[in-house]
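Quick notes on the structure that follows.
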Amino acid sequence: MTHDHDLVLRPTPAQTEAALNPPPGRNGGDLVVETLAGLGATTVFGLPGQHALGMFDALRRSDLRYIGLRVENNAGFAADAYGRITGEAAPLLLSTGPGALTSLAALQEAAAASAPVLAISSQVPTAGLGGGRHGYLHELPDQAASFRGVVKSVHTVRTQSQIPSAIEAAWTSALSAPHGPVWVEIPQDVLLAETAIPVVTGGDAFPEELPPRPELTAVAADLLSKADRPAIIAGGGVVRADASGKLRRLAELIQAPVVTTPGGKGAFPWNHPLSLQSWIEDRHTTDFLEDADVLLVVGSGLGELSSNYHTFKPRGRVVQIEADLGKLESNHPALGIHADARLALQALLETVPAREDATADDRVREVLAKVAERIDSQELTLEQAVLASVRKALPADSPSFWDMTILAYWAWSAFDAKGPNHMHSAQGAGGLGYAFPAALGAAAADPTRPVLAVSGDGGALYSIAELATARQYDLNVTWLIVDDGGYGILREYMNDAFGEATATELTRPDYVALAESFGVPGVRTTPENLEQDLAKALAAPGPSVVLLPAVLRMFAPTHLG
């Protein structure tokens, strides 16, 4: 009798030959790139540094495509977007100390958004590990300690034989639900030393499944089947789990209205009769969700944005499906189901009976009408027209990446993503500079469609150096920069809170001239010409910049009482 665990993968004759007679001139860096290729990686991002040169030298002996950015944090954002678009773990190659630490903000965003990033950094020579102060360049007492609170797992390598297994373990961790960034560090001397270890010819890294507990889904199914006013909040976990189809089928089965969080944009069709769209920061939506007698929360921790800044107080039963154990019932008591959204929704589809509700569509239309009336009363025609122009100019199947800027805050609530995994922003961790380098990573992942990046002038200055990257690799990204003369959203916050703003006004370059100095076409537009100019830029191959000088305002918040 043969058991699965008795099966052994036997090497092919070619693999045996390669193992017995590895090519000369290989080093520890070759083990890194061979392992990545064996796991299925095709593209790596990063920035070279002195301690990491063994890895980068090995790249030229591999078939991996390298996309080099100008700042480590931007390389992390590019890897983040590549992971979101492909669902694969995106390798990020970094050097020790300052290079590694500069990536931290990007890895925090990847962690918040559950983007699979496989960061591989060099370390000081092995003799310097363990906290002794030897005075090596870039030395930290404990480099890994800087990352433990950010990434899913940390893997420190001390010998060449540990490299393949450590990278495979990290790869599995990054792709197991919830997805996220992981950290591997390898000493300089281990990377540089010649190796006699056979060529790495394959990988055996399978992400762990996270199925729901059947007794919990049985209770959830019973609650939903007996509900009079069920509703659903769909978060980023639905998108990451590729579960939007199952979400739609369940919503239609039980006639439950659906609202998506900023991270869950596109998880449910925008114009579906049951769609409350993404107006989750609006009090009318909050009131509707509070009135649900059973609220199903899928792939969201109901954090600050998703709870209308913690003003949301559900009165009915909450069922929460969440792959991140730390987010389960972290804000509201619930029937907590620790599971991948796709598997949990499938279990509900198999057990929940159909439910009729002739009023659901009408109740959704009523809420959306109230939201529209509130926004229309604030004389925000410029803002709505600009967002509408962006939507009309952007092809329906193109992804967009948004920085922390006023137009993005509008987009969280009012932009139709046209599908799952199409709209991405830095709202997970909330750092500036995400949009453009992330869009470059998405363009590297799929060069067949144009990609849009949207930044304010303040956020644009964080990643302006990546115009060189865009030109060097001829990446198909159009960068819309909304120039309002400073940090626009902080200006609004400070004016509202203190009566005047401090430290928000900025001296800016001529963004069009600056783009053209990199060999990137640029155009200055107006709100009236935005749709035409943006569509033209998106239709042209390669990178481009569209500059829109405009001072936009936010709609009034509903969470301040």
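The values are calculated or read from the model by the stated rules, or taken from the named source; none is laboratory data. Being a predicted model, the structure only gives us computed values, none of them experimental. In this analysis, Cβ positions are derived from the backbone assuming ideal geometry, glycine residues included, and neighbour counts consider all displayed protein chains. Heavy atoms of the whole protein, side chains included, go into the accessibility calculation; ligands, DNA and RNA do not. Shrake-Rupley method; radii C 1.70, N 1.55, O 1.52, S 1.80 Å.
Is it the case, given these coordinates, that ALA358 is farther than 22 Å from GLY428 by Cβ, without any contact (Cβ under 8 Å) to a residue 60 or more places away in the chain and not polar (S, T, N, Q)? So that I can check it myself, show each step before the final result.
Working: farther than 22 Å from GLY428 by Cβ: yes; without any contact (Cβ under 8 Å) to a residue 60 or more places away in the chain: yes; not polar (S, T, N, Q): yes.
So ALA358 fits the description; yes.
Quick one: in the range 98-112, of everything that is closer than 28 Å to GLY264 by Cα and in contact with a strand residue (DSSP E or B) (Cβ under 7 Å, 6 or more places away or on another chain), which residue is surrounded by the most Cβ atoms within 10 Å (Cβ to Cβ)?
ALA110
Can you find even one residue in the range 221-236 that is at pLDDT below 95, farther than 21 Å from ASP80 by Cα and open to solvent by 40 Å² or more (accessible area, probe 1.4 Å)? Give the steps one after another, and end with the answer.
Let us first name the residues in the range 221-236 that are at pLDDT below 95, namely none.
So far as the range 221-236 goes, no, none of its residues is at pLDDT below 95, farther than 21 Å from ASP80 by Cα and open to solvent by 40 Å² or more (accessible area, probe 1.4 Å).
Specify which of the listed residues (ASP474, ASP496) is of a type in the set (D, E, K, R), surrounded by fewer than 15 Cβ atoms within 10 Å (Cβ to Cβ) and assigned to a loop (DSSP other than H, G, I, E, B).
Details: ASP496 fails: assigned to a loop (DSSP other than H, G, I, E, B).
None of the other options fit; the residue is ASP474.
Tell me the residue from PRO207, PRO214 that is surrounded by fewer than 20 Cβ atoms within 10 Å (Cβ to Cβ) and at pLDDT 95 or above, please.
On the way: PRO207 fails: at pLDDT 95 or above.
Matching residue, one of PRO207, PRO214: PRO214.
Quick check on the range 510-555: of everything there that is free of Cβ contacts under 8 Å to residues at least 24 places away in the same chain and within 20 Å of SER463 (Cβ to Cβ), which residue is surrounded by the most Cβ atoms within 10 Å (Cβ to Cβ)?
If we take residues in the range 510-555 being free of Cβ contacts under 8 Å to residues at least 24 places away in the same chain and within 20 Å of SER463 (Cβ to Cβ), then GLU516 is surrounded by the most Cβ atoms within 10 Å (Cβ to Cβ).
Please work out which one of (1) surrounded by 19 or more Cβ atoms within 10 Å (Cβ to Cβ); (2) free of Cβ contacts under 8 Å to residues at least 60 places away in the same chain; (3) out of contact with any Lys or Arg (no Cβ under 7 Å at 6 or more places or on another chain) is the condition ILE163 fails and give its number.
Against the list (1) surrounded by 19 or more Cβ atoms within 10 Å (Cβ to Cβ); (2) free of Cβ contacts under 8 Å to residues at least 60 places away in the same chain; (3) out of contact with any Lys or Arg (no Cβ under 7 Å at 6 or more places or on another chain), ILE163 comes up short only on (2).
Look at the range 499-509 and say how many of its residues are out of contact with any helix residue (DSSP H, G or I) (no Cβ under 6 Å at 6 or more places or on another chain) and either buried (at least 16 other Cβ atoms within 10 Å of the Cβ) or farther than 29 Å from GLY68 by Cβ (or both).
6
Looking at (1) surrounded by fewer than 19 Cβ atoms within 10 Å (Cβ to Cβ); (2) under 21 Å from ALA112 (Cβ atoms); (3) not hydrophobic (A, V, I, L, M, F, W, C), can you tell me which one GLY180 breaks?
Looking at each condition in turn, GLY180 falls short on (1).
For residues that are assigned to a loop (DSSP other than H, G, I, E, B) and closer than 25 Å to VAL238 by Cα, tally how many sit in the range 179-213.
Of all residues in the range 179-213, those assigned to a loop (DSSP other than H, G, I, E, B) come to 179-181, 193, 195-213.
Next, from what is left, pick out any that are closer than 25 Å to VAL238 by Cα: 179-181, 205-213.
Number satisfying all stated conditions: 12.
Would you please list the contacts, defined by Cβ atoms under 6 Å and residues six or more apart or on different chains, that run from a residue in the range 426-446 that is under 10 Å from VAL477 (Cα atoms) to a residue that is open to solvent by 10 Å² or more (accessible area, probe 1.4 Å) and among the acidic types (Asp, Glu)?
Pairs that qualify, where the first residue is under 10 Å from VAL477 (Cα atoms) and the partner is open to solvent by 10 Å² or more (accessible area, probe 1.4 Å) and among the acidic types (Asp, Glu): there are none.
Sort through LEU296, LEU335, LEU394, LEU349 and tell me the only one that's under 20 Å from LEU247 (Cβ atoms) and within 24 Å of the chain's Cα centre (by Cα). Reasoning before the result, please.
Values: LEU335 fails: within 24 Å of the chain's Cα centre (by Cα); LEU394 fails: under 20 Å from LEU247 (Cβ atoms); LEU349 fails: within 24 Å of the chain's Cα centre (by Cα).
Answer to the check: LEU296.
Do any residues in the range 307-336 that are within 13 Å of LEU216 (Cβ to Cβ) have Cβ atoms under 7 Å from those of residues that are at pLDDT below 95 and buried (at least 18 other Cβ atoms within 10 Å of the Cβ), where the two are at least six apart or on different chains, and which pairs are they?
So the pair list comes out as GLU322/GLY301.
Within the range 324-342, is there a residue that is out of contact with any Gly (no Cβ under 7 Å at 6 or more places or on another chain), open to solvent by less than 10 Å² (accessible area, probe 1.4 Å), more than 30 Å from LYS536 (Cα to Cα) and among the aliphatic types (A, V, I, L, M)?
Yes.
Can you report the number of residues in the range 113-145 which are more than 30 Å from GLU208 (Cα to Cα), part of a helix (DSSP H, G or I), open to solvent by 30 Å² or more (accessible area, probe 1.4 Å) and of a type in the set (Gly, Ala, Ser)? Talk me through it step by step, then tell me what you get.
Taking the range 113-145 first, the residues more than 30 Å from GLU208 (Cα to Cα) are 124-141.
Okay, now just the ones that are also part of a helix (DSSP H, G or I), so 126-128.
Then drop every residue that is not open to solvent by 30 Å² or more (accessible area, probe 1.4 Å), which leaves 126-127.
Narrowing the set further to residues that are of a type in the set (Gly, Ala, Ser) leaves 127.
Residues that pass the stated criteria total 1.
I'd like the full set of residues that are aliphatic (A, V, I, L, M), touching a strand residue (DSSP E or B) at 6+ places or on another chain (Cβ under 8 Å) and not in a strand (DSSP E or B), limited to the range 319-346. Spell out the reasoning first.
Taking the range 319-346 first, the residues aliphatic (A, V, I, L, M) are 319, 321, 323, 325, 328, 334-335, 337, 339, 341, 343-345.
Within this subset, residues satisfying the condition of being touching a strand residue (DSSP E or B) at 6+ places or on another chain (Cβ under 8 Å) are 319, 321, 323, 325, 328, 334-335, 337, 339, 341, 344-345.
Within the range 319-346, ALA323, LEU325, LEU328, ALA334, ALA339, ALA341, ALA344, LEU345 qualify.
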